[in-house]
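Heads up, the thing below is written out as structure tokens.
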Amino acid sequence: MIKDFDKETLIVFGKHLKTLRLAKKLTYRKMALLCNIDYSDIQKIESGKINITILTLRELAKALQLAPKDLIDFPGFELTDNH
């Protein structure tokens with residue numbers, strides 16, 4: 001079972017991903033065409049409903065023309081649970 005802290009991390013990541021996608025003026029479908037991820041899965045990632053793999057991170061970065069580290073390097077993302 002996913003802890004509340006971890007759920008919040010997925011939500012924050014999803015919001016960050018959505019911001020990057022919209023900055024590139026990509027719809028879900030256009031982004032899906034640029035990577036090997038179904039557009040409905042991109043929607044789920046952005047809403048924090050699914051936890052992604054390293055390979056998915058790489059595909060998302062490819063579609064956004066970014067380094068994978070840029071997807072996880074943003075304010076509000078914490079690497080450890082301080083509880």
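The table that follows gives values for the structure above.
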quantity	calculated
Failed item, numbered, when L64 is tested on (1) in contact with a Leu (Cβ under 8 Å, 6 or more places away or on another chain); (2) surrounded by fewer than 16 Cβ atoms within 10 Å (Cβ to Cβ)	(2)
First in segment 1-24 and over 15 Å from K44 (Cα atoms), second anywhere and of a type in the set (A, V, I, L, M) and surrounded by fewer than 16 Cβ atoms within 10 Å (Cβ to Cβ), Cβ under 9 Å, 6 or more apart	L20/L66
Residue in segment 20-32 that is in a loop (DSSP other than H, G, I, E, B), surrounded by fewer than 12 Cβ atoms within 10 Å (Cβ to Cβ) and among the hydroxyl-bearing types (S, T, Y) present	no
Options L66, L79; residue that is modelled with pLDDT of 95 or more, closer than 24 Å to E8 by Cβ, part of a loop (DSSP other than H, G, I, E, B) and hydrophobic (A, V, I, L, M, F, W, C)	L66
Count of segment 38-61 residues which are more than 16 Å from K7 (Cα to Cα) and either β-branched (V, I, T) or in contact with a strand residue (DSSP E or B) (Cβ under 6 Å, 6 or more places away or on another chain) (or both)	3
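The values are calculated or read from the model by the stated rules, or taken from the named source; none is laboratory data. No experiment lies behind these values; they were computed from the predicted model shown. Reconstructed Cβ throughout: ideal geometry from the backbone, glycine too, with neighbour counts over all protein chains shown.
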